[in-house]
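These notes are about the structure you will find just below.
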Amino acid sequence: MKKLTWRDDLRPVPFLIAFFVAYVLFTVYPIFKGMQMSLFNWTLIEQQDFVGLAHYANLLKDPNFWEAFGNTTLFVVLSTPTMVILALVLALMANLNTKLKTFFRGSFFLPSILSVSVISFVAIFMLQPYTGVVNNILQAFGLDKEPFWLATPSLAWVSIIAVTLWWTVGFNMILYLTALQGIPDELYEAAEVDGATRQQMFWRITLPQLLPISRLIFLLQILASFKVFAQILLITDGGPGTSTRPIILYIYEMGFERYDLGYAAAMSYLLFMVLLVLSVIQLRLGGKEGRLL
Amino acid sequence: MKHVFGKFAVLASAALLLGACAQTTGTTGDGRMKLDYWVFFSGGDLSYMEAIVDDYNNSQDEVYIDMILQDWDDYYTKVVTSVAADRGPDIAVSHAATLPQLMNQGLLEPVEPIMAESEFDFGLFPDNIREAVEVEGAAYAVPIDTHPFILYINNDLAEEAGLLDEDGSLKLDESPQGFKAFFQQAKEALPDKTPLSISTGGVDVYRWWWTVYFQMGGTPIFSDDLREPEITLDREIAIEAATYIHSFFGDVIPMHIGDFYETFQAGNAVGLMTGVWATGIWEGSDMNFTAVPLPQSFEVEAAQGDSHTLIIPIKEEQTAERQQAIAEFIAYVSDRGADWAKAGHIPARTDVVASPEFQQQPFRSEYAEVASKVVFTDKTIYQNPAETDMVRALDEIMSNRLSPEEGIDQMLDALRVTTRQ
């Protein structure tokens, strides 16, 4: 009897082994390889001398690193709340029982299927001075200036956040929409019998029911925002100057333009630690027994 | 039994991986020797190189050159990683400025011993270009051109603004004030046109600054040391050059033009400054333009420029036969310098410059003399990252975020970080 259970337990193993090999090869191995790299002077070609924690020590003294880290943090702080709240608002709109429902769902989600290069080039095209559509519209409404969207640090941030919002909010919206549809109708029916207003229903039923998914979206969004890279590379290349350079772009520059993989790996590990700590804090704070859902 | 199955799965996935990484065999279907040739050219240049390669492939049936266009943005990263993985190209294009970095990574072979087999004469290059491909005493590439930073003028608009003499030459006084006055006159005469089209930030402003800095008598950016260069940039002259250029922005150059090529190409700008490669592009359009060297406005004769060169990346198992073929192809491209010059470049070899095929081409023969004045970059492995630093600092100055003093100090700080000082 006992032996049979053991054999039953082993039955899925052959089916999992291919995935397991790939997982070890492409995820587990690089994690440790990267850790090793961060302790060496390492070019794209070869491993050079062991430097111990010197890269980490240099990091703490590198003003560029802190600037880039600050830029990324700024992006996270500005983009995360808007990303979550806007997704909720859009999901509520898309969940309304109107004829526009399909249109809303499609149009809100559609930008998410575009590639980052497409949305970046559209953004550059629309935001450029003198000929860009954004400035032309603003001037049609009586603006007497030529805003340089991508050449003024504050406006460049506004542009990047707006573009990112437009591009990615659809994914969060879908998560919210699914959760909204998962709320049992009985709750609303009971509330109606008790004479609750629509506002009360929203605050007392909808929002609390969405709390678990909100926590998940919030966590995923923070992690995603910390990893912001491609659209900034393509739209401003970290400019003007270095004022919109996020941490991943700096890691990329160090690793693949200056061929200093050791230093780049050390930075990656610092970022990894930050994300790990944030994730753990959130998991601890969220839900019963540390569960998200 | 299960154990065996597990092993099989590992082998199967390993086989799958290896299969995906299989090397190209080095021969084509019909048995010709296949050489991979990587280029980063775009727009104008590409078609001229394509024509040369096609001609070579049709000229004989032993060797087939497979020209592969790589994206410019991470071209050198791809070269470095592919060579490191022993899957690199047999021949590749590189800028002269990047040779020290590639050589220091251990990717390059000295080319003279290889080229000697096809009796290639390095004495045909002028000194400054020959020196530009030398790192620590050995030549690591065969230069095919020099491409200086020059000035383009829309003849129709210039005439309308009264900027041309009777014989059609520019009424341009070779002095700092004269150069600016030229475009100020354009601005007054044609208020709805752009007097001078160039991006506020980016590499073209850096090229312009480089020209002015060296014309003002600036010292080299770095000392002559491959791995541990000192920064020898003359702060005062650097500030002076930046101040001069800055005075154009917001005056005769609109701030942050979206696409400064397009502005000129659409006939909305009197002048534009960029590399010579634009010549080939605009000859294809019906625009009436002139291409001239940047005026010699200051004391020292100097120009910014670089050189496209052909490199032979190291391959572990390269046969003598293949090396011979590589050398022959490189010599062929070098001989076809006049055809390559159709893109706008100035051929690297003096005999090609003197040839009637080149001399008959418009503009190029007029700006060909600039090639000898080009101040090439210093031989340091930090040249490419240093260029990024300089471009960024100039960007801050030209867009009024930093004064020229602050901007150049930021440039120096960034260069110190880059060169680890």
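Going by the conditions given, is A:Phe202 closer than 28 Å to B:Lys78 by Cβ and away from chain B (no Cβ under 14 Å)? Walk me through how you get there before you give the answer.
Numbers: closer than 28 Å to B:Lys78 by Cβ: no; away from chain B (no Cβ under 14 Å): yes.
Answer is no for this residue.
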Can you run down the residue pairs with Cβ atoms below 6 Å, 6 or more apart or on separate chains, where the first is in the range B:322-346 and on the phi > 0 side of the Ramachandran plot and the partner is in a helix (DSSP H, G or I)? B:Gly344/B:Thr279; B:Gly344/B:Gly280
Determine which single condition A:Pro153 fails, assuming it passes every other condition in (1) in contact (Cβ under 8 Å) with a residue 40 or more places away in the chain; (2) in contact with a helix residue (DSSP H, G or I) (Cβ under 9 Å, 6 or more places away or on another chain). (2)
Only unsatisfied item for A:Arg245, checking (1) part of a helix (DSSP H, G or I); (2) among the charged types (D, E, K, R); (3) closer than 30 Å to A:Phe50 by Cα, is (1)
In the range A:151-178, what residues are within 21 Å of A:Ile113 (Cα to Cα) and aliphatic (A, V, I, L, M)? A:Ile160, A:Ile161, A:Ala162, A:Val163, A:Leu165, A:Val169, A:Met173, A:Ile174, A:Leu175, A:Leu177
Which of the numbered conditions does A:Tyr130 fail, given that it passes all the others? Conditions: (1) closer than 30 Å to B:Leu107 by Cβ; (2) hydroxyl-bearing (Ser, Thr, Tyr); (3) within 13 Å of chain B (Cβ to nearest Cβ). (1)
Does A:Trp203 count as at pLDDT 90 or above, touching a Pro at 6+ places or on another chain (Cβ under 9 Å) and either within 30 Å of A:Ser120 (Cα to Cα) or not acidic (Asp, Glu) (or both)? no
Taking the conditions exactly as written (more than 11 Å from every other protein chain (Cβ to nearest Cβ), crowded, with 21+ Cβ neighbours inside 10 Å, in contact with a helix residue (DSSP H, G or I) (Cβ under 9 Å, 6 or more places away or on another chain) and more than 30 Å from A:Glu67 (Cα to Cα)), does B:Phe358 satisfy them or not? yes
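I'm checking my understanding of the structure. Among residues of the range B:377-408 that are outside any helix (DSSP H, G or I) and surrounded by fewer than 19 Cβ atoms within 10 Å (Cβ to Cβ), which one is nearest to the other protein chains (Cβ to nearest Cβ)? Spell out how you get there, then give the answer.
Pass one, the range B:377-408, residues outside any helix (DSSP H, G or I): B:377-382, B:399-403.
Narrowing further to those that are surrounded by fewer than 19 Cβ atoms within 10 Å (Cβ to Cβ): B:400-401, B:403.
Working: B:Asn400: 10, B:Arg401: 7, B:Ser403: 14 Å.
Checked the range B:377-408; the qualifying residue nearest to the other protein chains (Cβ to nearest Cβ) is B:Arg401.
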Cross-chain or 6+ apart pairs with Cβ under 8 Å, the range A:98-113 first and in contact (Cβ under 8 Å) with a residue 60 or more places away in the chain, then aromatic (Phe, Trp, Tyr) and surrounded by 13 or more Cβ atoms within 10 Å (Cβ to Cβ): A:Phe109/A:Phe171
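Residues to consider are B:Gly218, B:Gly250; find the one that is over 20 Å from B:Ala303 (Cα atoms), of a type in the set (Gly, Ala, Ser) and either within 14 Å of chain A (Cβ to nearest Cβ) or buried (at least 20 other Cβ atoms within 10 Å of the Cβ) (or both). Steps first, answer last, please.
Numbers: B:Gly218 fails: over 20 Å from B:Ala303 (Cα atoms).
None of the other options fit; the residue is B:Gly250.
Mind listing just one residue for me: the one in the range B:336-355 that is of a type in the set (A, V, I, L, M) and within 15 Å of B:Gly275 (Cα to Cα) and, of those, farthest from the other protein chains (Cβ to nearest Cβ)? Steps first, please.
Quick first cut of the range B:336-355, residues of a type in the set (A, V, I, L, M) only: B:338, B:341, B:343, B:346, B:348, B:352-354.
Cutting the leftovers down to within 15 Å of B:Gly275 (Cα to Cα) gives us B:341, B:343, B:346.
Details: B:Ala341: 31, B:Ala343: 26, B:Ile346: 29 Å.
By that ranking, first place goes to B:Ala341.
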By residue number, the members of the range B:91-111 that are closer than 13 Å to B:Ile312 by Cα, buried (at least 24 other Cβ atoms within 10 Å of the Cβ) and of a type outside the set (A, V, I, L, M, F, W, C) are B:Ser94
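One line per residue, one yes/no per condition, for (1) β-branched (Val, Ile, Thr); (2) part of a helix (DSSP H, G or I); (3) modelled with pLDDT of 95 or more:
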position	(1), (2), (3)
B:Asp225	no, no, no
B:Glu228	no, no, no
B:Leu233	no, no, yes
B:Ala238	no, yes, yes
B:Ala242	no, yes, yes
B:Ile245	yes, yes, yes
B:Thr263	yes, yes, no
B:Val270	yes, no, yes
B:Ile281	yes, yes, no
Residues of the range A:38-75 being away from chain B (no Cβ under 14 Å) and touching a strand residue (DSSP E or B) at 6+ places or on another chain (Cβ under 8 Å), in sequence order, are A:Leu39, A:Phe40, A:Asp49, A:Phe50
Determine, yes or no, whether B:Gly284 is touching a residue at least 24 places away in the same chain (Cβ under 8 Å), surrounded by fewer than 18 Cβ atoms within 10 Å (Cβ to Cβ) and more than 19 Å from B:Ile150 (Cα to Cα). no
I need a count of the residues in the range A:1-37 that are in contact with a Phe, Trp or Tyr (Cβ under 7 Å, 6 or more places away or on another chain) and within 11 Å of another protein chain (Cβ to nearest Cβ). 1
In the range A:259-279, what residues are within 12 Å of chain B (Cβ to nearest Cβ) and either not aromatic (Phe, Trp, Tyr) or not in a helix (DSSP H, G or I) (or both)? A:Tyr259, A:Asp260, A:Leu261
Given the condition within 12 Å of chain B (Cβ to nearest Cβ) and touching a residue at least 12 places away in the same chain (Cβ under 8 Å), answer yes or no: does some residue in the range A:156-172 qualify? yes
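From the list A:Phe256, A:Phe226, exactly one residue is among the aromatic types (Phe, Trp, Tyr), touching a Ser or Thr at 6+ places or on another chain (Cβ under 7 Å) and within 14 Å of chain B (Cβ to nearest Cβ). Which is it? Give the steps one after another, and end with the answer.
Values: A:Phe226 fails: within 14 Å of chain B (Cβ to nearest Cβ).
Answer to the selection: A:Phe256.
The values are calculated or read from the model by the stated rules, or taken from the named source; none is laboratory data. Everything numeric in this text was worked out from a predicted model, so none of it was measured. Every residue, glycine as well, gets a Cβ built from its backbone with ideal geometry; the counts of neighbours run over all protein chains shown.
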